Amino acid sequence: MKTNVLGYPRIGAKRELKKVSERYWKGAATKTELVEMGKQLKLSNWRLMQQAGIDLIPSNDFSFYDQVLDATLTYGCIPARYQKIKEKESKLDLYFAMARGLQNNEFDVTAMEMTKWFDTNYHYLVPEFTANQKFELFSLKPINEFKEALAHNITTKPVVLSPVTYLLLGKEKEEGFNKIDLLDDLLPVFYKLIEGLVDAGATHIQIDEPCLALDITDKDREAIKKLYKELASKFSSLKIILTSYFDCYGDNLETVLQLPVHALHLDLVRCSLQLDDVLDAANFKNDKILSLGLIDGRNIWKTNFEDTIATVKKVESKIGIDKVWLATSCSLLHSPYDLDLEQNEETLPASVKQWLAFAKQKVDELVTIKKLVTGDTSKEVAAKLLNNNRAHSTKKESSVIHNAAVKARVSLLTANDSERNAEFLTRQKIQKDQLKLPAYPTTTIGSFPQTKEVRSWRSKLKKKELSLDAYNELIKQEIEETIRFQEKIGLDVLVHGECERNDMVEYFGEKLEGFAISSFGWVQSYGSRAVKPPILFGDVSRPSAITVKWSAYAQSLSSKFVKGMLTGPITILQWSFVRNDQARSTTCKQIALAIRDEVVDLEQAGIQVIQVDEPAIREGLPLRKEYWSTYLNWAVESFKIATSGVADKTQIHTHMCYSEFNDIIEHITSLDADVITIETSRSKMDLLNVFVDFKYPNEIGPGVYDIHSPRVPTLLEIEELLVKASKLLPTDNIWVNPDCGLKTRDWPETKAALENLVAAAKTMRSKLEKAY
Ligand code: GLN
Ligand code: ZN
């Protein structure tokens, strides 16, 4: 029985890679420094796994930016716009130009597009294909990394992205061809790569084929059959580990079981039922090793040893111990590094920590379970089992997890709790009377620039260099300035600016019961960016009001309406590490009730406009369409629970970004928010079409400028977008706002952009007056 790790985090336990990469991009670190840091990180991962006793240690799982971009370089699929850079610059600089764009005296090219890696919060750079796409073995990274480990006497298992999944994850940049037809041109390059790995001494290769967790076509399946058949005939002694994760093989299982591979990996965390499907399948010939992905690569909970051992034993009894491997469910890329670094009792108490395992601890779990299964009787291993049992039994009764009142409240929810009193048209009338806003009302999405100064107050407060009173005083001043600023430039509905929040999810995680906050629980999101999701371990409740004090203070400063600003339940769920001992739908409803209380308290405090942000609603969608409606139903219900506790006169806003709404417009509509603000400027309002086609009934604020760039939009540009929107939507329903929050921007460009936004809205109003 072997232990198999599918991949390891690579940003460094204290985000060392981030720091050196960002310095390199600024010209403050040399290429050697960067490359050396990469070497150190790889070696320390390999050593850690070797010393722990892992049998199949991954290589080529490291990346300076993104593993799909690495494959793009390996397969030599460099888009034409980088040709000149390819000729003149090093491979590494070409790579970063593709990842981040490049603008200097000599070059001006945009970055490749970025999108989510399946249903994770990791983003990859989307390969681009043309009809006559050429491929070549351009970067030898997989081979070099294998040799790099070998030089330290560590024989690794190279991880390569299958050419089929690679093609399916990419984008056709011109019409008239199907990307999967490029496979015949890509395969020779891929075989050359495999040959290079074999020549270097690789005996096992992990081929990642996660498209098998998606709905794919027969044609795609044929491509997969061809690939593995050819591989088997070309490299007869090579041990191929076919690896998919994040969901079941589903209707691809029959195909998969026929493939001539050495081992088949199963993600049994995301899809435990498929184990029986495989064992019982008519065409399961017991000719493959099963790599049982039982250690959760995407979450931070300790593995239950007893349960895992039982599963392994069951498989063992059917197919024999030497046909069974024990593995992580997917790459540990999605786990934070090391629980041992967590020493802050205040934010992550020992009572919670005892239930957790980060990447390093998961490696130890794998080895320990192997020892337990293979009859290790040492005291040390027995003690680990005892500990694990103890942790899991305390979990069942722990009073920090279980809150009877919260559970009761969720079970008593009725349909009434997720409906506003009156229907939208009635509410709209009441709200128009109450709010008396002009046509084309202007507002922003919530946050205003978070300057270095503002961030320094928070870190000083954390380090106790600033008292809470002094900190609050500074926040008050910042809010007042933000309010005065908005009044001065003439916005209609103001916000307090969110300067007291580090992050829109962590902030609520810090204040709600049932959450813990790690200090170093970083997970790569894209490139040098990492996120630190809060740890949602128990029943969620709100011990006291969270935002009311600041919103009410902001409102007290102005005669204009100030919008209350909350993060919605789905987004809080989606961007946290969520407990795995109850259904996500139940957890989401618990959060929804906590947010509902906050919404009601804001209303009580005199806030008449309240925004509940749900930017993550789309990314919660399951990978396979058949499960979409179940998810969407509880997601919509949760949002409505959160927002339906208020009177009709209170206007509920929601905000979403980075979203294609085509598939889910019906559900977006059923959220029944009075106003939705969305990102539309980059697509020049194209994203609005789906709202128009669906005759979206409620009010809508299509973003009129892209806040991701410091560029200031001209008055004319904004006006043009508004003219476009006014042709598509009833004037009564249109709001004017930027695409998203302004947190990452600076004040000067924010001022200039918002002045133009207000002026454009005024121009639109005057046109209306003339028309009457
Ligand atoms: N209210 C949040 C902000 O303005 C919304 C952020 C988001 O959509 N991601 O920062
Ligand atoms: Zn946004």
statement: If you go through 620, 645, the only one that is within 16 Å of ligand 1 (Cβ to nearest atom), within 26 Å of residue 506 (Cα to Cα) and small (Gly, Ala, Ser) is 620
Failed condition for residue 712, given (1) assigned to a helix (DSSP H, G or I); (2) out of contact with any Leu (no Cβ under 8 Å at 6 or more places or on another chain); (3) away from ligand 2 (no atom under 16 Å from the Cβ); (4) closer than 30 Å to residue 529 by Cβ: (1)
- request: Report yes if some residue within the range 234-241 is surrounded by fewer than 21 Cβ atoms within 10 Å (Cβ to Cβ), of a type in the set (Ser, Thr, Tyr), more than 30 Å from the chain's Cα centre (by Cα) and not in a loop (DSSP other than H, G, I, E, B); otherwise report no.
  value: no
task: State which residue is nearest to ligand 2 (Cβ to nearest atom) when the search covers only the range 628-668 and only residues that are of a type outside the set (Phe, Trp, Tyr) and in contact with a Ser or Thr (Cβ under 6 Å, 6 or more places away or on another chain).
output: 655
message: Where the second residue is away from ligand 1 (no atom under 11 Å from the Cβ) and assigned to a helix (DSSP H, G or I) and the first is without any contact (Cβ under 8 Å) to a residue 60 or more places away in the chain and lies in the range 443-459, which pairs have Cβ atoms under 8 Å and are six or more apart or on separate chains?
response: 454/478; 457/471; 457/474; 457/475; 458/471
- request: Select from the range 657-672 the residues that are in a loop (DSSP other than H, G, I, E, B) and either within 14 Å of ligand 1 (Cβ to nearest atom) or over 24 Å from the mean Cα position of the chain (by Cα) (or both) and list them in ascending order.
  value: 657, 658, 659, 672
message: Regarding the range 217-240, can at least one residue be identified that is in contact with a Lys or Arg (Cβ under 9 Å, 6 or more places away or on another chain) and under 27 Å from residue 626 (Cβ atoms)?
response: no
task: Of the numbered conditions (1) at pLDDT below 95; (2) away from ligand 1 (no atom under 16 Å from the Cβ); (3) in contact with a helix residue (DSSP H, G or I) (Cβ under 8 Å, 6 or more places away or on another chain), residue 502 fails exactly one; give the number of that condition.
output: (2)
- prompt: If you check every pair at least six apart or on different chains, which have Cβ atoms under 6 Å apart with a residue in the range 603-628 that is without any contact (Cβ under 8 Å) to a residue 12 or more places away in the chain and hydroxyl-bearing (Ser, Thr, Tyr) first and a residue that is more than 16 Å from ligand 2 (Cβ to nearest atom) and in a loop (DSSP other than H, G, I, E, B) second?
  reply: none
message: For the range 444-474, give me each residue that is within 16 Å of ligand 1 (Cβ to nearest atom) and assigned to a helix (DSSP H, G or I).
response: 454, 455, 458
query: Quick one: how many residues across the range 681-697 are in contact with an Asp or Glu (Cβ under 6 Å, 6 or more places away or on another chain) and modelled with pLDDT of 85 or more?
result: 1
Pairs with Cβ under 9 Å, 6+ apart, first in the range 125-136 and of a type in the set (Val, Ile, Thr), second surrounded by fewer than 20 Cβ atoms within 10 Å (Cβ to Cβ) and not in a loop (DSSP other than H, G, I, E, B): 126/114; 126/115; 126/171; 130/80; 130/172
- request: State whether the residues of the range 406-414 include one that is touching a helix residue (DSSP H, G or I) at 6+ places or on another chain (Cβ under 9 Å), of a type in the set (Val, Ile, Thr), assigned to a helix (DSSP H, G or I) and within 16 Å of ligand 1 (Cβ to nearest atom).
  value: no
message: Tell me yes or no: at least one residue of the range 735-754 is away from ligand 1 (no atom under 16 Å from the Cβ), among the hydrophobic types (A, V, I, L, M, F, W, C), over 21 Å from residue 445 (Cβ atoms) and over 29 Å from the mean Cα position of the chain (by Cα).
response: no
- prompt: Of the residues 568, 514, 564, which is under 30 Å from residue 360 (Cα atoms) and buried (at least 18 other Cβ atoms within 10 Å of the Cβ)?
  reply: 514
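Do we find that residue 466 is under 30 Å from residue 348 (Cα atoms), surrounded by 15 or more Cβ atoms within 10 Å (Cβ to Cβ) and not β-branched (Val, Ile, Thr) in this structure?
Yes, satisfied.
Here is a yes/no grid of residues against (1) more than 16 Å from ligand 2 (Cβ to nearest atom); (2) under 18 Å from residue 686 (Cβ atoms); (3) of a type in the set (S, T, N, Q); (4) part of a strand (DSSP E or B):
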| position | (1), (2), (3), (4) |
| --- | --- |
| 716 | yes, no, no, no |
| 721 | yes, yes, no, no |
| 724 | yes, yes, no, no |
| 727 | yes, yes, no, no |
| 753 | no, no, no, no |
message: Could you go through the range 757-770 and let me know if any residue there is under 30 Å from residue 694 (Cβ atoms), within 16 Å of ligand 1 (Cβ to nearest atom) and surrounded by 20 or more Cβ atoms within 10 Å (Cβ to Cβ).
response: yes
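The values are calculated or read from the model by the stated rules, or taken from the named source; none is laboratory data. Owing to the predicted nature of the structure, the values given are computational and were not obtained by experimental measurement. So basically every Cβ, Gly included, is an ideal-geometry build from the backbone, and we count neighbours across all protein chains shown.
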